[in-house]
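Engineer: Structure incoming, see below.
The values are calculated or read from the model by the stated rules, or taken from the named source; none is laboratory data. As the structure is a computational prediction, the values presented were derived from the model and not from experiment. As a convention, Cβ positions derive from the backbone with ideal geometry for all residues, glycine included, and neighbour counts pool all protein chains shown. Protein only, heavy atoms only, side chains kept; ligands, DNA and RNA dropped before computing areas. Shrake-Rupley method; radii C 1.70, N 1.55, O 1.52, S 1.80 Å.
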Amino acid sequence: MDGIKPPHRAFIALGSNVGERVEMIERACLEMDRAGIRVRRTSSLFETAPMYYLDQEPFMNGVCEVETDLEPLELLDKLQSIELELGRKKLIDKGPRSIDLDILLYDQQVFTHDRLNVPHKLMLERDFVLRPLSQLIPNEIPPLPNHTTTYASHLKALPPPSPTPIATTYISPHFPPLRATDPTRRTHIMAILNLTPDSFSDGGQHAPASTDLESLGATIRSFIASGATIIDIGGESTRPGSEPVGAEEELRRIIPAIKHIRSSIPEARNVAISVDTYRARVAEEALAAGADIVNDVSAGLLDPEMLPTVARTGKSIILMHMRGTPSTMTNLTNYPNGVIADVSTELLARIAAAEEAGIRRWRMILDPGLGFAKSMREDLTVLKDLETFRTGIQGLEYFPWLMGPSRKRFIGRLTGVKEASERVWGTAATVSASVQGGADIVRVHDVKEMWQVARVADAIYRGQPPDL
């Protein structure tokens, strides 16, 4: 293998403020991949106010790390051809554009040419460049003479931008983006639809809905009327000690329900559908049937094809922390460095695996996994310290977080309420704590009641809702 040169590492700034901004950026990333410019990692996307020419719409900005065999000017030519293919028309300098692809860094080289300067001349003074770049390489130093300051330090030294850029996670064209760093955002309610006969908490209450579509429709309409914006559909129980049912049975239970919701329930037009599965085949068929999100309790650990499958479909994924399997996880609760530190480390590893598979960071939602491979003490610590995950761990910033405390075993232990369906009051306390900690989504059984809890908690902890 002697003589084969390793690929070059470059960082490309991504920007769009015309049309469907996220979709345009995703198309640009796909075109880069097709052109042999392999997108290795992406930052989050940030909605930012325009600079210089102010009479234009806000931008969606990000950065991607790529591998390429192209030399700097060849890379520039290819990126500009992609811009033209995607319809970019430059009418005003620094004005509106459907797509903008700028080379920020190329290896550790300093490159000067009439057409291109690397490092990008203005990158260290632009928050909308440094913020996403610092997500990817916070501790690296610009390749400039006598320079010793990291990108993260440069970002901290900039004056705070006004308005503050908002990290944005994309679900689908019919669902509003999650705005994880918007302090006034509304908490989304994810309604649990277990189409299983052995669910730990609802006793198979909704199992007939997989065949009784009239009953299913009534259930979904009730969820939506009660405040749900996401429906999480599951065809296999993941309660502690549960046994798997197999992909065929899981598909038999969930696919008719997803298709019916998408084709026959107009009220669900702007509701996201999540499929609760750890099997790649089930995820792929559910997404093809109309689901928007894969909710994988194992974050891709139980099926090695899950992450590549989600990447290929271009859909969003919830990466949940778990150890082992549902039948073994209760014996895997040792956290030598503390539950926050160890869960963070393990989630960072799953983010890296998702990125390696090709999932964009703006398509990821994180879940610390309440009740999964955790004791009661650890569940309570996660609830109490959710804000640490969100803002105190390098690499976990800017992601939206889902919390799933509904009717969990630790609530029963604390209250002495044995029947899971009667743990509504205890769940209400955990939902309020989740909102205070910064959760973007709460996954619940009691939709009407928990919508009320989240609504009031939003008003307390996130400011007066804009429509009141």
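Engineer: Given q = 0.24 Å⁻¹, what are the Debye log10 I(q)/I(0) values for region 304-410, with equal point scatterers placed on the Cα positions and solvent ignored?
Structural biologist: -1.38
Engineer: For a test of the definition: using alpha carbon positions, the gyration tensor, and the 1.5 limit on a/c, classify the chain as rounded, prolate or oblate.
Structural biologist: prolate
Engineer: For the chain, what is the calculated [θ] at 222 nm in deg cm²/dmol (nearest 500), taking -39500 (n - 2.57) for each run of four or more DSSP H residues and dividing by its residue count?
Structural biologist: Mean residue ellipticity at 222 nm (helix-derived): -11000 deg cm²/dmol.
Engineer: While we're here: Lys/Arg Cβ at +1, Asp/Glu Cβ at -1, dipole of region 319-452 taken about the Cα centre: which of GLN436, SER375, TYR335 is farthest positive-ward?
Structural biologist: Value: SER375.
Engineer: While we're on this one: I'd like the Karplus ³J(HN,Hα) series for region 412-422: coefficients 6.51, -1.76, 1.60, θ = phi - 60°, whole numbers in Hz, and an x wherever there's a Gly or Pro.
Structural biologist: x, 5, 5, 9, x, 7, 6, 6, 4, 5, 9
Engineer: Working only with C-alpha atoms, what are the Rg and Dmax values of region 328-468, expressed in angstrom?
Structural biologist: Over region 328-468's Cα set, Rg and Dmax evaluate to 15.7, 48 Å.
Engineer: Something else: Rounded to the nearest percent, how much of the accessible area of the chain (1.4 Å probe, protein heavy atoms only) is carbon and sulfur?
Structural biologist: Carbon plus sulfur share of accessible area: 52 percent.
Engineer: Starting from the amide H of ASP446, placed 1.01 Å from N in the peptide plane, find each other amide H under 5 Å away whose residue is 5 or more places distant or on another chain.
Structural biologist: Under 5 Å from the amide H of ASP446 lies no amide H from a residue far enough along the sequence or on another chain.
Engineer: Roughly how many Å² is the accessible area per residue of region 203-359, as a whole number, for a 1.4 Å probe?
Structural biologist: Solvent-accessible surface per residue comes out at 38 Å².
Engineer: How do 154-164, 445-455 rank on mean C-beta neighbours within 10 Å, highest first?
Structural biologist: So the order, starting with the most tightly packed, is 445-455, 154-164.
Engineer: Taking every DSSP beta bridge that has both residues in the chain, what percent is antiparallel when rounded to the nearest 5?
Structural biologist: Roughly 50 percent of the beta bridges in the chain run antiparallel, per DSSP.
Engineer: In square angstrom, what is the accessible area per residue of region 26-167 with a 1.4 angstrom probe?
Structural biologist: Normalised by residue count, the accessible surface of region 26-167 is 50 Å².
Engineer: So, in Å, what gap is there between the alpha-carbon centers of region 290-361 and region 1-30?
Structural biologist: 25
Engineer: Rolling a 1.4 Å sphere over the protein heavy atoms, what is the accessible area per residue of region 373-468, to the nearest Å²?
Structural biologist: Value returned for region 373-468: 46 Å² of accessible area per residue.
Engineer: How would you rank 59-70, 140-151, 172-183, highest first, on the average number of other Cβ atoms within 10 Å across their residues?
Structural biologist: 59-70, 172-183, 140-151
Engineer: Show me the ranking of peptides 102-113, 379-390 by mean Cβ neighbours inside 10 Å, starting with the highest.
Structural biologist: Highest mean packing first, the order is 379-390, 102-113.
Engineer: When the Karplus curve 6.51 cos²θ - 1.76 cosθ + 1.60 is applied with θ = phi - 60°, which whole-Hz ³J(HN,Hα) does each residue of region 373-386 get, with x for Gly and Pro?
Structural biologist: Coupling constants for region 373-386: 6, 9, 7, 4, 4, 6, 4, 5, 5, 4, 4, 5, 10, 4 Hz.
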